[in-house]
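So the structure is just underneath, and the comments pick up after that.
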């Protein structure tokens, strides 16, 4: 991924640094002006960050508020093990930044026994 590709349409990209936690190294193109995004894109390209296509979370009514919701796949031992959903009033759906978790569906053929979570 080149800097030029990231700059061509910042609204379509999310960049993730390798060592951040709790969403602290997640940069959403829609949240930056052109100059700020240019700086983030150059840093990402220079250091091999993950470039991910933006997928807008769905909107749901939750506790009398309109919130964003996402759905993620859970992998254990290299196999699909279930789903987890998060919900937040913020576009950046992150439990550590004020969001919440919803029901997790587990796959019956994958054992969670013995895993340290």
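The values are calculated or read from the model by the stated rules, or taken from the named source; none is laboratory data. Here the structure is a predicted model, which is why all the values come from computation and not from measurement. FYI the Cβ positions are ideal-geometry reconstructions off the backbone, even for glycines, and counts take in every protein chain you see.
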Output the residues belonging to region 6-23 that are within 11 Å of the chain's Cα centre (by Cα) and part of a loop (DSSP other than H, G, I, E, B). 22, 23
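Confirm whether residue 86 is touching a strand residue (DSSP E or B) at 6+ places or on another chain (Cβ under 9 Å) and not in a strand (DSSP E or B). Lay out the reasoning, then the answer.
Values: touching a strand residue (DSSP E or B) at 6+ places or on another chain (Cβ under 9 Å): yes; not in a strand (DSSP E or B): no.
Taking the combined requirement at face value, the residue does not satisfy it.
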Could you check residue 57 against (1) over 13 Å from the mean Cα position of the chain (by Cα); (2) surrounded by 14 or more Cβ atoms within 10 Å (Cβ to Cβ) and say which number it fails? (1)
Could you tell me which numbered condition residue 38 fails, if it satisfies all but one of (1) surrounded by fewer than 16 Cβ atoms within 10 Å (Cβ to Cβ); (2) out of contact with any helix residue (DSSP H, G or I) (no Cβ under 8 Å at 6 or more places or on another chain); (3) farther than 29 Å from residue 104 by Cα? (2)
Near pairs, Cβ below 8 angstrom, 6+ apart or cross-chain, from region 55-66 (at pLDDT below 85) to any residue that is loosely packed, with under 13 Cβ neighbours inside 10 Å: 57/91
